[in-house]
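Student: Okay, handing you the structure first.
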Amino acid sequence: MVIQHGGRPEELRAAREECAEELGGEPTAPLADDAELSKFYDLQVEAYECLVANGYSPAPPSTREAFVASYYAGESWFAHQPAVPEGAPIPDTVCPQPMLADIEW
């Protein structure tokens, strides 16, 4: 199904709602549990180490416990955060940003 919306936010929102109604809603996935977030922390630390090895200065890792506890509040540490809040964004071309989908069991 193709919907032309003209680019205005309210039209895009209406088109998205129409698609969701037509197709049965947006897919949902369960939230990651603490074990998954712990593994995700490991991936973030690996990315941090890669960034440091390639001359970048990201913010140092938090503890695993702090990462897991603050993840859903949007306050977790991430490897690609600059060391200072006003720092330039760290590119993910050399060391890709991990994603939850990257977790291997």
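The values are calculated or read from the model by the stated rules, or taken from the named source; none is laboratory data. In this text the structure is predicted, and so the values were computed from the model without any measurement. Heads up, the Cβs are rebuilt from the backbone with ideal geometry, glycines too, and the neighbour counts pull from every protein chain shown.
Student: Among the numbered criteria (1) under 15 Å from the mean Cα position of the chain (by Cα); (2) within 14 Å of residue 41 (Cβ to Cβ); (3) of a type in the set (A, V, I, L, M, F, W, C), which single criterion is violated by residue 95?
Tutor: (2)
Student: Further, regarding this structure: Tally the residues that are surrounded by fewer than 11 Cβ atoms within 10 Å (Cβ to Cβ), over 25 Å from residue 74 (Cβ atoms) and not charged (D, E, K, R), restricting the search to segment 13-34.
Tutor: Qualifying residue count for the region: 2.
Student: Would you point out the residue of segment 9-62, among those that are part of a loop (DSSP other than H, G, I, E, B), free of Cβ contacts under 8 Å to residues at least 24 places away in the same chain and farther than 27 Å from residue 87 by Cα, that is farthest from the chain's Cα centre (by Cα)?
Tutor: 24
Student: Related question: Examine segment 65-79 for a residue that is charged (D, E, K, R), modelled with pLDDT of 95 or more and either farther than 19 Å from residue 102 by Cβ or not in a loop (DSSP other than H, G, I, E, B) (or both), and state whether such a residue exists.
Tutor: yes
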